[in-house]
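Notes for the one structure printed next.
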Amino acid sequence: MTEQPSEIRRKLTTVFCADVQGYSALVERDEVGTVTRLKQYRDIMVDLIDRHHGRLINTWGDGLVAEFGSPVEAVFCAVEIQRRFAARNTEEPLVPPMQFRIGINLGDIIIEGTDIYGEGVNIAARLESLAEAGGICISGSVFELVRKKLDIGFDYMGEREIKNIADPVPAYRVQISSDAPRTAYIAVPAGSSADEAEAAFAKWRGQAWKLAVVAAFLLMINLLTSPGHLWFYWPMLGFCFLLLLRWPSGVDPRRLWPPRRQP
């Protein structure tokens, strides 16, 4: 008798992905100790997922996937997990810290039996890889639903390309520290994220170097044609004024005068 295929269906859910930063290096250093600690940490994580009404989907190696009916519960659970693990790592100063990265996305998934697949899972996995060690990265779809419901802050990370996903996905870093400012959202002006501001400053700096080359060329022409009368600085004053008007917004002007290094 042939086995009937599992029913395939879709639903909108919050996908929670986690793994250990640098797990291979930890195993290489202490295989038995690392595997033992991973089991302890995973038990804590599974317990907190259950308390926040989530459902464990799967575990493999150092990875874990769960789903939540509520993005608020998912983010709340992730913050509690990371704070719990940070405290536990502090209590074990003689061993390398075991730090998890967590990615959370609200999206459409395919359910087959007890497994989940699809775009919503892929985005959560990609966001997890963008999270820093001990950090949480969420998608824009999650952010819009939690930003006014949780007393934590968020940093905009810009729009990120996801493999096999047509449109870039807005990503946000969750402020985990209990000492972080209690704001719903650290606003970043449109078009002025940290990455975009850095790119704008790099472009401006390139224009400044080109201006320096023009200044050197005009000075040479000036000295060759009329060494007794310096005129090159007049057009250069106009160019410098235009360059200052093009200073990129969102960039601290003090970057022009970096602090001196202490001897």
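Which order results if ARG42, ARG126, ARG246, ARG83 are arranged by neighbouring Cβ count within 10 Å, fewest first?
ARG246, ARG83, ARG42, ARG126
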*Return the percentage of antiparallel bridges among DSSP beta bridges fully within region 8-174, rounded to the nearest 5 %.*
90
*How many nm is it between the label spots at THR225 and LEU56, if each spot is 7 Å from the Cα in line with the beta carbon?*
8.0
_Summed side-chain charge close to ASP108 - residues other than ASP108 whose Cβ falls under 13 Å, Lys, Arg +1, Asp, Glu -1_ = +1
_Computed label-point distance, nm, for sites ILE44 and GLU7 using a 7 Å Cα→Cβ extension_ = 3.9
*Taking the mean number of other Cβ atoms within 10 Å as a proxy for protection, how do you rank 156-162, 208-214, 15-21, 169-175 from highest to lowest?*
15-21, 169-175, 156-162, 208-214
*Taking 0.36 nm per intervening residue step and subtracting the Cα-Cα distance, what contour gain separates VAL213 from SER177 on full extension?*
8.2 nm
_Greater than 30 Å separation of Cα atoms is the criterion. Which listed pairs, LYS11/LYS148; LYS39/LYS148; LYS11/LYS163, meet it?_
LYS39/LYS148
_Hydrodynamic radius of region 91-170 per Kirkwood, over alpha carbon pairs, in Å_ = 14.1
*Taking other Cβ within 10 Å of each residue's Cβ, how do LEU64, LEU243, LEU145, LEU127 sort, fewest first?*
LEU243, LEU145, LEU64, LEU127
*For the residues MET45, MET236, MET98, what sequence is obtained by ranking on other C-beta atoms within 10 Å, fewest first?*
MET236, MET98, MET45
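Taken together, the values in this text are just the output of simple stated rules run on the coordinates, not laboratory data. Everything numeric in this text was worked out from a predicted model, so none of it was measured. Ideal geometry is used to build each Cβ from the backbone, glycine not excepted, and the neighbour counts take in all protein chains shown.
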